[in-house]
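What follows is a set of notes on a single structure, which appears directly below.
The values are calculated or read from the model by the stated rules, or taken from the named source; none is laboratory data. Note that the structure is a prediction, hence the values are computed from the model and not measured. We place every Cβ from the backbone using ideal geometry, glycine too, and count neighbours over all the protein chains shown. For the accessible areas, the whole protein counts, side chains as well, though only heavy atoms, and no ligand, DNA or RNA atoms are used. Shrake-Rupley method; radii C 1.70, N 1.55, O 1.52, S 1.80 Å.
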Amino acid sequence: MTLVLDEDQKLLADAARDFVATRSSLKRVRALRDDDIGFSRELWREMARLGWPGLPFPEELGGAGLGWRYLMVVLEELGAGLAPEPLVSTVLLGGSAFLYGDPDLRREHLPRIAAGDELVAVAYQEAGTRYALDRATTRFAAGTIVGEKVQVMGGSSADWLIVSAHGPGGVGLYVVDATRVRRTRQHRIDGRDAAIVRLDGVPATPLGGPGLLARVIDVATIGLCAEMLGAMGAAFAMTLAYLKTRTQFGVPIGSFQALQHRAARLYIDLELCRSATMHAHAVLDAGGDVARAASLAKAKLSDAFLRVAEEAIQLHGGIGMTEEHDLGLYLKRARVAEITFGDAAHHRARWAELSGY
Amino acid sequence: MSDLDTFRAETRAWLIANAPESMRAPYRTTEELCWGGKKVAYPADVLRWRDACVERGFTAPTWPREYGGGGLDKASAKVLAEEMAAQRLRPPLIGFGLSMIGPLLLQEGSEALRREHIPAIVRGDIRWCQGYSEPGAGSDLASLQTRAVADGDAFIVNGQKIWTSYADKSDWMFLLVRTDPAARNQDGITFLLMDMSSPGVTVRPIRLISGASPFCETFLADVRVPMANVVGRVNGGWAMARALLTHERTMIADVFRDRDDADRLRTAARAAVGVDALGRIADPVLRDRIVALEIDQACFDLTLARSRDAAKAGARPGHESSIFKLVGTELNQRRRDLAVRVNGPQALGWDGPGFGEDDIKATRDWLRSRGNTIEGGTSEIQLNIISKRVLALPEK
C-alpha cells in the first residue's frame, strides 16, 4: 500500500492542473457565486468527456475502474482552483451511495453518473442535527417521504436526490425524483450550491438501510480532504510567493525570521496533511478501516486548512482582507470544508471511539 | 535456490546456533546494548554475542572485508537485518564508531587512518565520542574556539568541549578545532581524531534537571595530537562535520520513539481517571488531548512511510530529516507531558517514599524531553533550514 503517486496518476494530476489553468480562473469562480446552480454545466460536460466523474467506478458500470486515488489527484487540482463543479455531491456522495446501495438502482444510476449525464445530491442535513447522521425527523412511510433538509450540497441542480429518512429499522437512504420536491438555493460563504429541500409526501425508493449513509459520508469525507489539500496548497503557494516579492523596510518580508518560521510551520502541516489524505485514499482502494482513516484525515485537515488560510491572510497584511484579493475565497472555503461532514473535534472524538480511547 | 536464498538460510542457521538466548530478550534503552570500548564491563553474553558477530563480519555488515567488515552488498545486508529481526535479536554492537566516524573515515580518511581505526571499531575495541559543541558555540558551531596550534608533526590543542555524550566512557574522540583564526569561521576548522587517554584531557559528567546524563564537559589543556590524525585536510574540517550532522539528525528523531508509547498512555489514562458508561477515558478534555497527540503521531508516522516509499521509487532525499527531527521531538515532548498530566499528584515525585518507580520515570522522562528540541540542532535551526533550503525564502 504505497503512499506515493505512480506515473499514470502524476500524468492525470498534470492534466487536471492544465485544465484548471486554462478553463477555470478564480474570476469565473467568483462570478458563479451568484449563479442559480453555482457551477458551469458546460465545464461539467468537459470534465465528463475527460472521464473524471467515472474514475473510481467499476468498468462494467460505465466507470474507468481506476479507483479512488485517481479521483484524488483530480480533486486536489480542482480544489487548488476552487472549481465548484459538483464532484463532491454527484460523484463522492451520490456515486458512492449507489455503489454501496441497492444493486438495481446502482445499475440504473451509476452509468449515467459516470457519463456526466446525471446530477445527484445527498440530502442528510436537518436543522439541529449538527453532525449526527443517525437522527432524522424526516420520515419514510407508505412509500413516501415527508420532511425538510437543509444545506443540501448540489441540491439546486440535482436530477435525483438521495434522502436520509427514518424508516422501518432506523435511518435509511431513499431515492427521490428531484423535480418532485420544493427547493430553495441557499447562499453559503463559499458561494457553492446548497439548497433547502422540502419533501411533502414525495414518492421514494429505498436505496439502503442504517449504516449506508455513514459509509457514504466516509467516502465523501476522504475525497473532500483531497480537495482541501489542493486548496491549502494553493493558498500556501500564494503566500510563499508574496513573502518573496513584497518588500517593506527595503527588504523582502520573507527575509524576516519570524515570518520564515511561520511559513515553515505551514509547510510542515501541508506535508502531514498530504500523508493523511494519501493514506485514507489508499485504505479506500485497498479495503480496510475506512472510517478510522477518514476521521484521521478530516481531523487533521479541518484544522490545518483553516489555519493555513488564516495565516495566509495575516502574512499578506491588509490586502489579504480585501474582497478583491483571492485569499478570502480560500478562507471561506476552508470554513465550509472544515464543518462539512464534521469538524476536527467531531472527528477526533470519532477516531477516539474507533480506536478505544 | 538463488545466492540470496542460500545466504538467508545459512545466516538463519548461524544465528540460531550462535546467538545467546538472552540476546533475544527485549531491551528498554540503548544503554543495555554493547557500545564497545575498554572502559565499560559488559555481561558475558553481551561479549559472546558481539565477538561471534565480529568474527562473521556482522557488526559492520556492509563495510569492506579488508578492515573486518562483512563486505555484504545492500540486498544481503537487508536479509541479515530481516533474519536478526525475525529472531528478535538485539544489535551486537552500536556506537558513534559504527554510525558516524567509521563511515566518514571510509569515505574521507587516509588509508593509514582506516587501517588504524576501522578494525578497532568493527571489533568493538574502541568507543568513540563526538567533540563539537562548546560553551560559546552551540547553534553557531562554526564559531568554535578550541585552538590547535602546529608544533612539528603534531597539534597542541587547548579548549573545552561540552555536551559530549559518553566522553567519560570513550577511548577516542573526533573533534573540531580551530586551526586558522584569521580565516572566515568555517574555513579555519580542522577535523581531528584524539586519544582520550592523552595527557591534558579531563572529563566531567553533566547533571541535568532530570538527573544523571551521559553528557560531559571535556577540558583540553595542551593536548598533543599527531597531524596524521587529521581527517580530510587542515582547515577543511567543516565539510566533514556537515556530512555527519545530517546523519545525526535522522538518528535522533528515531531515538525517542518507544514502541509501546500509544498503548502505555491510553492504559495509564484509563487507569488514572477511569472510564465512562461508554468505556471511554472519563475525562473528555484529557481524552481529546491524548487523541489529538495520537492523530498527529499517526500523520508523522505516515509521513516517514511516505518518505520511504518516495525513496524506493527513486526520489532524491530532500531535507525531510529537518521535518522529522522537529516534529518527532515535539511529539515526544507532548507525549511526556501528557504522561505527567495523567499521573496527577503522583507525577510530582523526585524519588523516595510515596512515589512509584514508573511514576518517577515518567516525570524524569518529561524533564529530559525538554532538551529534545534543543539537542541535535534546535527546532529553530530546523525551521531556518526548512525556510531557506526547502522554501527558498530570501536572506536579509
(message) Condition first: more than 16 Å from the chain's Cα centre (by Cα) and more than 11 Å from chain B (Cβ to nearest Cβ). Can you find one or more residues in region A:247-255 that meet it?
(response) yes
(request) For A:ALA226, work out the one condition from (1) within 13 Å of chain B (Cβ to nearest Cβ); (2) buried (at least 24 other Cβ atoms within 10 Å of the Cβ) it doesn't fulfil. (result) (1)
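Mind listing whichever residues of region A:274-285 are within 14 Å of chain B (Cβ to nearest Cβ) and either open to solvent by 20 Å² or more (accessible area, probe 1.4 Å) or free of Cβ contacts under 8 Å to residues at least 24 places away in the same chain (or both)? First the steps, then the outcome.
To start, the set of residues in region A:274-285 that are within 14 Å of chain B (Cβ to nearest Cβ) comprises A:274-283.
Once the filter is applied, which keeps residues that are within 14 Å of chain B (Cβ to nearest Cβ) and either open to solvent by 20 Å² or more (accessible area, probe 1.4 Å) or free of Cβ contacts under 8 Å to residues at least 24 places away in the same chain (or both), region A:274-285 yields A:ARG274, A:HIS279.
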(request) Can you work out which of the residues in region A:1-56 that are closer than 21 Å to A:GLY154 by Cα and of a type in the set (Phe, Trp, Tyr) is nearest to the other protein chains (Cβ to nearest Cβ)? (result) A:TRP52
(request) Just need a number here: residues in region B:279-305 that are at the interface with chain A (Cβ under 7 Å from one of its Cβ atoms) and surrounded by 20 or more Cβ atoms within 10 Å (Cβ to Cβ). (result) 11
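Quick one: in region A:59-77, which of the residues that are closer than 16 Å to A:TYR100 by Cα and without any contact (Cβ under 8 Å) to a residue 24 or more places away in the chain is least open to solvent (accessible area, probe 1.4 Å)?
Quick first cut of region A:59-77, residues closer than 16 Å to A:TYR100 by Cα only: A:59-63, A:65, A:67-68.
Narrowing the set further to residues that are without any contact (Cβ under 8 Å) to a residue 24 or more places away in the chain leaves A:59-60, A:65.
Details: A:GLU59: 135, A:GLU60: 155, A:GLY65: 45 Å².
Within region A:59-77, the match that is least open to solvent (accessible area, probe 1.4 Å) is A:GLY65.
Would you confirm, using the coordinates I've provided, whether A:ALA220 is touching a residue at least 40 places away in the same chain (Cβ under 8 Å), more than 10 Å from every other protein chain (Cβ to nearest Cβ) and out of contact with any helix residue (DSSP H, G or I) (no Cβ under 7 Å at 6 or more places or on another chain)?
Working: touching a residue at least 40 places away in the same chain (Cβ under 8 Å): yes; more than 10 Å from every other protein chain (Cβ to nearest Cβ): yes; out of contact with any helix residue (DSSP H, G or I) (no Cβ under 7 Å at 6 or more places or on another chain): no.
Spelling it out, it is not the case that A:ALA220 is touching a residue at least 40 places away in the same chain (Cβ under 8 Å), more than 10 Å from every other protein chain (Cβ to nearest Cβ) and out of contact with any helix residue (DSSP H, G or I) (no Cβ under 7 Å at 6 or more places or on another chain).
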(request) Being open to solvent by 10 Å² or more (accessible area, probe 1.4 Å) and farther than 13 Å from B:MET227 by Cα is the filter here, so list the residues in region B:179-194 that pass it. (result) B:ASP180, B:PRO181, B:ALA182, B:ALA183, B:ARG184, B:ASN185, B:GLN186, B:ASP187
(message) Could you list, ordered by first residue, the pairs with Cβ atoms under 9 Å in which the first is in region B:215-234 and of a type in the set (D, E, K, R) and the second is surrounded by fewer than 20 Cβ atoms within 10 Å (Cβ to Cβ) and in a loop (DSSP other than H, G, I, E, B), at least 6 apart or interchain?
(response) B:GLU217/B:PRO135; B:GLU217/B:ILE206; B:ASP222/B:PRO199; B:ASP222/B:GLY200; B:ARG224/B:SER198; B:ARG224/B:PRO199; B:ARG224/B:GLY200
(request) Please give the strands (runs of 3 or more DSSP E) falling wholly within region B:114-225 in which 2 or more residues are under 30 Å from B:THR363 (Cβ atoms). (result) B:128-131, B:154-165, B:201-205
(message) Can you tell me which condition A:MET47 does not meet? The list is (1) assigned to a loop (DSSP other than H, G, I, E, B); (2) open to solvent by less than 30 Å² (accessible area, probe 1.4 Å), and all the others hold.
(response) (1)
(request) Take region A:131-158 and flag every residue that is on the phi > 0 side of the Ramachandran plot and either in a strand (DSSP E or B) or hydrophobic (A, V, I, L, M, F, W, C) (or both). (result) A:ALA142, A:GLY147, A:GLN151
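Can you find even one residue in region A:111-124 that is modelled with pLDDT of 95 or more, under 14 Å from A:LEU212 (Cα atoms) and not aromatic (Phe, Trp, Tyr)? It would help to see each step written out before you state the result.
Taking region A:111-124 as the starting set, the residues that turn out to be modelled with pLDDT of 95 or more are A:111-124.
The next check asks that each one be under 14 Å from A:LEU212 (Cα atoms); those that pass are A:122-124.
With not aromatic (Phe, Trp, Tyr) added as a condition, the list becomes A:122-123.
Checked against the condition, which is being modelled with pLDDT of 95 or more, under 14 Å from A:LEU212 (Cα atoms) and not aromatic (Phe, Trp, Tyr), region A:111-124 yields at least one hit.
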(request) Scan (1) surrounded by fewer than 17 Cβ atoms within 10 Å (Cβ to Cβ); (2) modelled with pLDDT of 95 or more for the single condition A:ARG130 breaks and write down its number. (result) (2)
(request) Please find, within region B:347-371, the residue that is nearest to the other protein chains (Cβ to nearest Cβ) out of those that are in contact with a Gly (Cβ under 7 Å, 6 or more places away or on another chain) and not basic (Lys, Arg). (result) B:ASP359
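What number of residues within region B:58-70 satisfy the criterion of being under 24 Å from the mean Cα position of the chain (by Cα) and without any contact (Cβ under 8 Å) to a residue 40 or more places away in the chain?
First, the residues of region B:58-70 that are under 24 Å from the mean Cα position of the chain (by Cα): B:58-64, B:67-70.
Restricting the remaining residues to those that are without any contact (Cβ under 8 Å) to a residue 40 or more places away in the chain gives B:58, B:61-62, B:70.
Final tally of qualifying residues: 4.
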(message) Return the residues of region A:289-316 that are free of Cβ contacts under 8 Å to residues at least 60 places away in the same chain and loosely packed, with under 15 Cβ neighbours inside 10 Å; say none if nothing qualifies.
(response) A:GLN314
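Go through the residues of region B:70-89 one by one and say whether even a single one is among the polar types (S, T, N, Q) and surrounded by fewer than 16 Cβ atoms within 10 Å (Cβ to Cβ).
Step one: filter region B:70-89 for residues among the polar types (S, T, N, Q), giving B:76, B:87.
If we keep only those that are surrounded by fewer than 16 Cβ atoms within 10 Å (Cβ to Cβ) too, we end up with B:87.
Looking through region B:70-89, at least one residue is among the polar types (S, T, N, Q) and surrounded by fewer than 16 Cβ atoms within 10 Å (Cβ to Cβ).
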(message) Checking A:GLY317 against (1) within 14 Å of another protein chain (Cβ to nearest Cβ); (2) at positive phi, only one condition comes out false. Which one?
(response) (1)
(request) Say whether the condition of being at pLDDT 95 or above, within 19 Å of B:GLN346 (Cβ to Cβ), touching a Phe, Trp or Tyr at 6+ places or on another chain (Cβ under 7 Å) and not in a helix (DSSP H, G or I) is met by at least one residue in region B:268-281. (result) yes
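Okay, residues lined up against (1) within 14 Å of chain B (Cβ to nearest Cβ); (2) under 28 Å from A:GLY254 (Cβ atoms); (3) hydrophobic (A, V, I, L, M, F, W, C):
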position: A:ARG307; (1), (2), (3): yes, yes, no
position: A:HIS325; (1), (2), (3): no, yes, no
position: A:VAL336; (1), (2), (3): no, no, yes
position: A:ARG348; (1), (2), (3): yes, no, no
(message) For the list (1) open to solvent by 30 Å² or more (accessible area, probe 1.4 Å); (2) at pLDDT 95 or above, I need the number of the one condition that B:TRP49 fails.
(response) (1)
(message) I'd like to know if region A:12-28 contains one or more residues that are of a type in the set (Ser, Thr, Tyr), assigned to a helix (DSSP H, G or I) and open to solvent by less than 20 Å² (accessible area, probe 1.4 Å).
(response) no
(request) Return the total of residues in region B:311-329 being surrounded by fewer than 20 Cβ atoms within 10 Å (Cβ to Cβ), within 10 Å of another protein chain (Cβ to nearest Cβ) and either modelled with pLDDT of 95 or more or touching a Lys or Arg at 6+ places or on another chain (Cβ under 9 Å) (or both). (result) 0
(message) Cβ-Cβ distance below 7 Å, separation of 6 or more or different chains: which pairs start in region B:372-396 with a residue that is more than 7 Å from chain A (Cβ to nearest Cβ) and more than 29 Å from B:SER213 (Cβ to Cβ) and end on one that is outside any helix (DSSP H, G or I) and open to solvent by 50 Å² or more (accessible area, probe 1.4 Å)?
(response) B:ARG389/B:HIS319
